[in-house]
Amino acid sequence: MQTMKKNQLAVSLFTLRDSCKNEAGFRETLKKVRDIGYTAVEVAGFPPDMNAAAVRKALDDAGLVCSSTHENPTLILDNPAQVIENLNTLGCKYTAYPYPAGVVFDDPASMDKLVAGLDSAGAVFAKAGITLCYHNHAHELFRIGDSNVLAEIYRRVPATHLSAQLDTFWIQAGGANVATWIKSMSGRLPLLHLKDYGVNPKGERHFAEIGSGSLDWKTLIPLAAEAGCKWVIVEQDVCPGDPFVSIKKSYDYLVKNILG
């Protein structure tokens with residue numbers, strides 16, 4: 001069965017956000033990431049003392065590439081040209097709309113505005129050779145008639161203007177089937193957030209290192225490869241201790257057990 005390769009693995013710098021608050025911390029973070037073995041990162045905002053050119057220089061110096069970015073959702077919709085300029089500087093072809101801030105999913109007018117904004121911005125990105133993706137959380141699985149919000153977003157915005165960055169944890173948390181969603185996005189899934197779903201003895205859910213939760217990665221990652229995924233990206237919103245220890249556990253599991 002087809003699978004993803006080690007050089008298609010990245011880590012989201014959102015996981016390491018507390019050590020990326022200035023250029024010195026950002027550079028030290030990149031060094032630690034590269035020392036673990038990662039060769040790519042997803043950039044999740046710039047430190048306040050850095051611009052896109054400085055971030056690109058730091059990536060180059062660390063021997064890392066930018067797989068993708070998460071951008072301010074308002075900037076994506078209102079000023080896609082600025083995002084495109086940053087992406088071109090970073091040498092990156094993928095960005096994700098990270099969170100539907102202010103959107104009310106049971107308000108048709110609010111949904112219409114989001115869909116129109118994604119469609120319009122996605123057209124600008126596509127013309128520039130950039131792929132706009134949508135990053136989901138659990139609440140996009142909110143039911144709308146016989147469908148749900150996430151399915152409706154992908155139905156209403158053409159694939160030429162919007163692709164998917166499915167988040168495995170949040171699909172599971174929303175009560176949906178991760179494998180089914182990956183298969184349904186075949187040809188439209190350049191990015192996949194790898195985030196394991198842990199449950200403690202009380203049944204409380206938590207973010208977990210890859211391989212230490214309940215998700216079946218030996219099935220999911222080959223399915224992503226078959227769906228045409230370009231990057232699998234480790235992200236752990238909250239770590240139980242040192243986040244560098246967590247991302248190393250995830251890296252070691254993936255490289256040992258799954259990635260080609």
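The numbers here are math on the coordinates, done by the rules we state, and not lab data. This one's a predicted model, so the numbers in the text were calculated from it and none came from an experiment. Positions of Cβ are generated from backbone atoms using ideal geometry, with glycine treated the same way; all protein chains shown enter the neighbour counts.
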Exercise for the section: Compute the separation of the alpha-carbon centres of segment 95-143 and segment 189-231 and state it in Å as a whole number. Expected result: 23 Å
Handout entry: Mean separation of Cα contacts under 8 Å (6+ apart) over length of the chain, as relative contact order %
Key = 21 percent
Practice task
Have a look at 130, 69, 101 and report the one farthest towards the positive end of the charge dipole of segment 46-132, computed about the Cα centre with Cβ charges (Lys/Arg +1, Asp/Glu -1).
Solution key: 130
Practice task
Indicate, rounded to the nearest 5 percent, the antiparallel portion of the DSSP beta bridges found entirely in the chain.
Solution key: 20 percent
Problem - Cys residues of the chain counted as unpaired, since no other Cys beta-carbon is under 4.7 Å - result: 20, 133, 229, 239
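Once you keep just the Cα pairs under 8 angstrom separated by 6 or more residues, what percentage relative contact order results for segment 73-220?
For segment 73-220, the relative contact order is 18 percent.
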Practice task
For residue 28 and residue 255, compute 0.36 nm times the residue count separating them, minus their Cα-Cα distance, and round to one decimal in nm.
Solution key: 79.4 nm
Problem - Low-density loop cleavage sites - trypsin sites (Lys or Arg not before Pro) in segment 121-221, where at most 12 other Cβ are within 10 Å (DSSP) - result: 202
Problem - Student exercise, the chain dipole from Lys, Arg, Asp, Glu Cβ charges, in Debye to nearest 20 - result: 720 debye
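Full-extension gain between residue 18 and residue 88, please, as 0.36 nm times their residue separation minus the C-alpha to C-alpha distance.
Values: separation 70, 0.36 × 70 = 25.20 nm, distance 2.60 nm.
Working it through step by step, the gained length comes to 22.6 nm.
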Practice task
Step through the table entries 113/183; 195/248; 202/248; 6/218; 183/256, compare each Cα-Cα distance with 23 Å, and write down the pairs that go over it.
Solution key: 113/183; 202/248; 183/256
Fill in the blank from the handout: Interchain or sequence-distant (5+) residues whose placed amide H lies within less than 5 Å of the amide H of residue 135 are 97, 165
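With contacts defined as alpha carbon pairs under 8 Å and 6 or more residues apart, what's the relative contact order of segment 1-72 in percent? List each step's numbers first, then the result.
Details: 88 pairs, mean separation 25.6, N = 72.
Relative contact order of segment 1-72: 36 percent.
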